[in-house]
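Take a look at the structure below.
The values are calculated or read from the model by the stated rules, or taken from the named source; none is laboratory data. The structure displayed is predicted, hence computed values, not measured ones. As a convention, Cβ positions derive from the backbone with ideal geometry for all residues, glycine included, and neighbour counts pool all protein chains shown. Note: accessible area is taken over every heavy atom of the protein model, side chains too, but ligands, DNA and RNA are not part of it. Shrake-Rupley method; radii C 1.70, N 1.55, O 1.52, S 1.80 Å.
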Amino acid sequence: QALELKQLSLFKNGLGFFVGQVACPEAETSFQIALPVAPSHGTLWISYPADLPVAGIVAGQVDSVESVEAITIAEMLKANVGRRVRLLVNDKEITGLISYVARERGPFAPNPYGPGREPAEYAPGRSWQPPGLITVETNAGELSLNPMAVTQVAVLDGPANRRLAGQGKSAVLRVRLKSPAQGQRLTVSYLAKGVTWAPSYMVDISDEQRVQLSAKALILNDACEIQNVQARLITGFPHLQFADVVSPIALKQNLAQFLQALSSGASERGRADILSNVMTQRVVYPGMGDQAAMPAYGAAEAGIVAEDLFLYPAGRLDLGRNEVAYVTLFTETVPCKHIYQWDIPDTAGKEGDYPPSPRPGRAAEGDEEVWHSIRLTNTTQVPWTTAPGETVKDGAILGQDTLPFTPSGSAGTLRITRAVGIRAEQRELEIGRKREAVQLYGYHYELVTVQGELSIVNSQSKPIDMEVTKTLSGEVKSSDP
């Protein structure tokens, strides 16, 4: 039975929470449930009514039903087993019925818990060998030959089959019932990797006081086919300890590998960053073609608050594997305040010393960064998740930065661009030093008094709101202003 997905909740870290159902056959006491994607450890749960007569559930492997197109003579022979053919082998024609084609022998997997030694011909590290046997029933008898020696194939009893069954294995859940369940349903839920959502914002600051903010999401699906599934986007910071450990029920690793994954906190699946979101910026200059239009997606829908997480409804989703969906979320008008920010880090290092080299990000002493930013008040009913924010004005792009997580009712700050019309300078002077002021753990320390001076010059033709943040080590004696 195929698991019918009903609901999919997407996290931003490449994880999805899948919920599906399967109906029991009306007259049978056993059936299989195919898992579309490998669950994470500890998250797969099967729910069913108390009166459903379940006798047992076991995970097993079956041959993959996915077919592939034949691209070699050997695969063409394999795809037409049981057919009459004419083969050209070493300039000789052989006519007969293909009765057998050897399957590819996978790498030997020794049993570390079984008694006795493994056969020498199956020693670990043995090089892979392609299948080298095909059997053809001819008038003279059964003939075995190497498929690599066949240079031509002609199928004599109809059109040739050009597709062959996949050679992989897939995991299924074998369900046994004590008696027929007459169409009752089982619900299967699990957490799995392979899907994510990447949000982004567009902020139109053409109005100085109230701006338009539009939100969208790109849903990336590398997991499985998603058809008419209710999707929800999760905002928050979930704690999922075993998200990178594949569940044993997926049959992707043996016992030793699973125990190693538990100790390291990640399976082979979790050691590489499967989904990396690459943001490509586009620049639109005034006067070059049509202006960029601000989206109008409508007001934000009411979501669901689940403890410290927020679930935003994204409608029903139809998305194939390895496809990306563009999902519109909302367009809202929110209050805005323009501010100019000067963030001054600590001059002293971690050990309390004052390095002579310029601080990171500063070309020279006195070269300070002042940013033109906007402070947006979230008056919507949904929180704003951390995402790229693109700022536009009159159809032209001004900049892009990260809008931080902003709950409903609070404010978030989005940087627009460097403020070249604001010149900021700072300096710190030592005005006093008391030697051996204190002794700790056998070391003498000096008490140093430092006076800092900040200077800001506004070269613009309008007044600005300036916000200065200074990080320092020590005790502040006085400040003016």
inquiry  = For the structure I just gave you, tell me whether residue 234 is hydrophobic (A, V, I, L, M, F, W, C), surrounded by fewer than 19 Cβ atoms within 10 Å (Cβ to Cβ), at pLDDT below 90 and closer than 30 Å to residue 384 by Cα.
reply    = no
ask   = Would you call residue 98 more than 30 Å from residue 2 (Cβ to Cβ), assigned to a strand (DSSP E or B) and touching a Gly at 6+ places or on another chain (Cβ under 8 Å)?
value = yes
key: Residue within the range 440-448 that is under 30 Å from residue 337 (Cα atoms) and open to solvent by 70 Å² or more (accessible area, probe 1.4 Å) present   = no
query = residue 273 versus (1) at pLDDT 75 or above; (2) charged (D, E, K, R); (3) loosely packed, with under 11 Cβ neighbours inside 10 Å: which is the lone unmet condition?
reply = (1)
Options 431, 397, 456, 416; residue that is surrounded by fewer than 10 Cβ atoms within 10 Å (Cβ to Cβ), in a strand (DSSP E or B) and of a type in the set (Val, Ile, Thr) = 431
query = Can you name the residue in the range 385-394 that is open to solvent by 10 Å² or more (accessible area, probe 1.4 Å) and either basic (Lys, Arg) or assigned to a strand (DSSP E or B) (or both) and, of all such residues, is farthest from residue 310 (Cα to Cα)?
reply = 393
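In the range 193-203, is there at least one residue being under 30 Å from residue 54 (Cα atoms) and either crowded, with 17+ Cβ neighbours inside 10 Å or aliphatic (A, V, I, L, M) (or both)?
Filtering the range 193-203 down to residues under 30 Å from residue 54 (Cα atoms) leaves 193.
From the residues that got through so far, the ones that are either crowded, with 17+ Cβ neighbours inside 10 Å or aliphatic (A, V, I, L, M) (or both) too are 193.
Yes, the conditions are met somewhere in the range 193-203.
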query = Taking into account only those residues within the range 142-173 that are more than 30 Å from residue 254 (Cα to Cα) and within 36 Å of the chain's Cα centre (by Cα), which is modelled with the lowest pLDDT?
reply = 163
query = Any residue at all in the range 54-62 that is closer than 30 Å to residue 103 by Cα and either of a type in the set (Phe, Trp, Tyr) or modelled with pLDDT under 85 (or both)?
reply = yes
query = Is one or more of the residues making up the range 211-220 small (Gly, Ala, Ser), open to solvent by 10 Å² or more (accessible area, probe 1.4 Å) and assigned to a strand (DSSP E or B)?
reply = no
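Out of everything in the range 370-384 that is part of a loop (DSSP other than H, G, I, E, B) and either farther than 11 Å from residue 403 by Cβ or modelled with pLDDT under 90 (or both), what residue ends up being most open to solvent (accessible area, probe 1.4 Å)?
381
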key: Filter result (in contact with a Leu (Cβ under 6 Å, 6 or more places away or on another chain) and either charged (D, E, K, R) or in a strand (DSSP E or B) (or both)) within the range 19-45   = 20, 22, 33, 40
ask   = Any idea how many residues of the range 124-141 are at pLDDT 90 or above and either touching a strand residue (DSSP E or B) at 6+ places or on another chain (Cβ under 6 Å) or under 30 Å from residue 249 (Cα atoms) (or both)?
value = 5
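Report yes if residue 176 is open to solvent by less than 60 Å² (accessible area, probe 1.4 Å), basic (Lys, Arg) and modelled with pLDDT of 90 or more, otherwise no. First the steps, then the outcome.
Details: open to solvent by less than 60 Å² (accessible area, probe 1.4 Å): no; basic (Lys, Arg): yes; modelled with pLDDT of 90 or more: yes.
So residue 176 fails the test.
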Complete set of residues in the range 31-50 that are among the aromatic types (Phe, Trp, Tyr) and closer than 22 Å to residue 245 by Cβ = 45
inquiry  = So for the range 70-83 (the condition being open to solvent by 50 Å² or more (accessible area, probe 1.4 Å), hydroxyl-bearing (Ser, Thr, Tyr) and either out of contact with any strand residue (DSSP E or B) (no Cβ under 7 Å at 6 or more places or on another chain) or touching a residue at least 40 places away in the same chain (Cβ under 8 Å) (or both)), does at least one residue qualify?
reply    = yes
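Results for (1) under 30 Å from residue 397 (Cα atoms); (2) modelled with pLDDT of 85 or more; (3) within 15 Å of the chain's Cα centre (by Cα), shown as yes or no for each residue.
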{"site": "243", "(1), (2), (3)": "no, yes, yes"}
{"site": "249", "(1), (2), (3)": "no, yes, no"}
{"site": "254", "(1), (2), (3)": "no, no, no"}
{"site": "257", "(1), (2), (3)": "no, no, no"}
{"site": "278", "(1), (2), (3)": "yes, no, yes"}
{"site": "284", "(1), (2), (3)": "yes, no, no"}
inquiry  = Can you confirm whether residue 58 is assigned to a strand (DSSP E or B) and open to solvent by less than 50 Å² (accessible area, probe 1.4 Å)?
reply    = no
note = The residue from 411, 364 that alone is among the aliphatic types (A, V, I, L, M), modelled with pLDDT of 95 or more and surrounded by fewer than 19 Cβ atoms within 10 Å (Cβ to Cβ) is 411
